[in-house]
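Have a look at the structure below before the remarks.
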Amino acid sequence: MQQLFHVVLDELRAGRSLVSVVIHSHKGSTPRTAGARLLVFTDGRTHGTVGGGRYEAEAVNAARALLAADSSFPRPAAVLEYSLHGVTDMDMICGGELALFLQRLDPDEETLALYTHAVEAEDTGRAFCLTTHVSLPTEGKTEVLRRELLRPDASGEAFPLDGETPRLRRETDRLILTEPFPLR
C-alpha cells in the first residue's frame, strides 16, 4: 500500500487530478475484497486493481466521468454497487457482491497536505486512518465535504472504528468512508 500513496502524491505534486477507487464492502465470493484499490489518471492510465472484469471497466468509466465533471461540482465522489450473481450480465463467475467508493483527488493545498501526511505516517511506520465525509446523493451527484487523516492517540489506542478494512457508513446528513491503515 505504501507505493499507492507515493503514486497519489506524485500525481498531485505534478498538478494532476486522479480518482481513487476502493472496495469498501464485499459479500460472498469476489475477485478482490474490501480494501483493494485502483487509481485512475487523467491520461487514461490506471494503477492497482479492484478485481478486473466488467465491473472494474465500469468503475474506470465512472472515474473518467468524475475527472470530467465541471467546476460547478468541485469535489465529486460516487458509490457503485455490484452483484456478481448474474454471470451473463457481468461476465463474472464469482457470485458475490461488492461496493466501490470513488473520489476525485485534485492538487489543491488541502489534498496535497493530507497525502503528504499519509506518506510521512506510512514511511515512519505509524498507523493512521483516512476519513472522507461526502454528501448524500442529490440528483445523482455526491460531493466530498471533508477529508481527514486521523492517528491513534499517544497511548496507542485503536481507532474508533471496526476492523482493518474500509467501511462506508451513513449518518443523518452524510456518508463517511473510513480507511484504516494499521501498522504492518
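Just so you know, all these numbers are worked out from the coordinates, no wet-lab data involved. All values derive from a computational prediction rather than experimental measurement. Glycine also receives a Cβ, built like all others from the backbone with ideal geometry; neighbour counts cover every protein chain displayed.
Quick look at the values:
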| quantity | calculated |
| --- | --- |
| Gain on full stretching of the segment that runs from GLN3 to HIS47 - 0.36 nm per residue minus C-alpha separation | 14.8 nm |
| Segment 99-128: chymotrypsin sites (Phe, Trp or Tyr not before Pro) falling in loop per DSSP and having at most 11 other Cβ within 10 Å | none |
| Sequence ranges 137-143, 44-50, ranked by mean other-Cβ count within 10 angstrom, highest first | 44-50, 137-143 |
| Amide H within-cut-off set for SER25, under 5 Å, with H built and near neighbours excluded | ALA99 |
| Label-point gap, in nm, between GLU164 and THR131 - each point 7 angstrom along Cα→Cβ | 2.2 nm |
